[in-house]
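Beneath this line is the structure, given in structure tokens, with notes to follow.
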Amino acid sequence: MKELTVLSLFDGIACGRVALERAGIPVKRYIASEIEPNAIKVAMSNYPDIEQIGDVTKIDVNSLPEIDILIGGSPCQGFSVMGKQQNFEDPRSRLFWEYVKILKATKPKYFLLENVKMKQEYSDIITEALGVEPRIINSRLVSGQNRVRAYWTNLDVGEIADKNISFQDILESGYTNRDKSLCLLESENRLCISSADLYRRNKTKSQGNIVFFSRDFDPEKGVRMLTQYEVERLQTLPNGYTRAVNRNIAAGLCGNGWTVDVIAHILSAIPKEGETK
């Protein structure tokens, strides 16, 4: 299989690069558009050959090489049911149109866009712009977390097998009373000042993931936040992938990232030599 030149928009911590590697897709050049300094720090600490080109709105498409595959997860805050659902009026979610502009300009052989599962009216706009229907995949099939996401791609993606990984399976210690963790979010970066506050946040807001010290799930015996390794494992990243930053920063970056094994499954549909997918 020939080495591919990849353009990754809204690259974050380069989960796409990990997924390509895991899918056995050789990379000639990996060009990334990202502006968050800590995300870039994590990406470059793992893949120092990544070519960082900065703000997606300032990309000079005429300076780009021939792109084989365009990937990206445009900011989702305007579509998320957790937010105000301003859809394309949200300045972050408007960045989707930058993806479309670059897709049309570079004309890659393959493309992949990820976003949250959203209202049908918003999804239809993206579908019309990209010309493909989304695949809805829950990361629970390959990880210890519930994370439903929509994936628009022109790859012929097959069904994804359930690896039967539980939340408990990814813990370094302690116990959970959930089969799967709640969806990892950027808000996982917020440090609670006490076990009581942590438990209250988890119970009343249905946000945040906690681990109990005792098998009977008694909060009086102690609870804790996820460790940095556990946060990485929920996104099927290698242990230590986010070592360039502290636990809280890493948790937020992972919450904004991709579940690597889902992306690897999608990218494994790229035809190898002799295949005609």
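The values are calculated or read from the model by the stated rules, or taken from the named source; none is laboratory data. Since the structure is predicted, the reported quantities are computational estimates derived from the model, not experimental observations. Neighbour counts run over all protein chains shown; Cβ positions are idealised from the backbone, glycine included.
Could you tell me how many of the residues in the range 146-193 are surrounded by fewer than 16 Cβ atoms within 10 Å (Cβ to Cβ), farther than 27 Å from Ser74 by Cα and β-branched (Val, Ile, Thr)?
1
Counting only residues that are among the small types (Gly, Ala, Ser), give me the helices (runs of 4 or more DSSP H) lying completely in the range 216-277 with at least 3 of them.
247-255
Within the range 137-193, track down each residue that is hydroxyl-bearing (Ser, Thr, Tyr) and assigned to a helix (DSSP H, G or I).
The answer is Ser139, Ser187.
Please determine, by comparing only the residues of the range 1-58 that are part of a loop (DSSP other than H, G, I, E, B) and in contact with a Pro (Cβ under 8 Å, 6 or more places away or on another chain), which one is modelled with the lowest pLDDT.
Met1
Of all residues in the range 118-132, how many are assigned to a loop (DSSP other than H, G, I, E, B) and either surrounded by 13 or more Cβ atoms within 10 Å (Cβ to Cβ) or in contact (Cβ under 8 Å) with a residue 60 or more places away in the chain (or both)?
Looking only at that region, the number is 2.
Output yes when any residue across the range 96-112 is in the same structural domain as Asn146 (by TED's automatic domain parsing), farther than 19 Å from Ile266 by Cβ and modelled with pLDDT under 90, and no when none is.
no
Tell me whether the range 71-84 contains one or more residues that are at pLDDT 95 or above and of a type outside the set (Phe, Trp, Tyr).
yes
For the range 154-166, state whether one or more residues are among the basic types (Lys, Arg), farther than 30 Å from Ile102 by Cα and at pLDDT 95 or above.
Looking for residues that are among the basic types (Lys, Arg), farther than 30 Å from Ile102 by Cα and at pLDDT 95 or above, one finds at least one in the range 154-166, hence yes.
As an exercise: evaluate Ser93 against (1) more than 16 Å from the chain's Cα centre (by Cα); (2) crowded, with 17+ Cβ neighbours inside 10 Å; (3) at pLDDT below 95; (4) polar (S, T, N, Q) and give the number of the one condition it does not meet.
The single condition Ser93 does not satisfy is (1).
Looking at this structure, is Thr176 outside the structural domain of Glu232 (by TED's automatic domain parsing) and among the hydroxyl-bearing types (Ser, Thr, Tyr)?
no
Would you check which residues across the range 229-254 are under 19 Å from Arg178 (Cα atoms) and either surrounded by fewer than 22 Cβ atoms within 10 Å (Cβ to Cβ) or at pLDDT below 95 (or both) and list them?
Of everything in the range 229-254, just one residue is under 19 Å from Arg178 (Cα atoms) and either surrounded by fewer than 22 Cβ atoms within 10 Å (Cβ to Cβ) or at pLDDT below 95 (or both), namely Tyr229.
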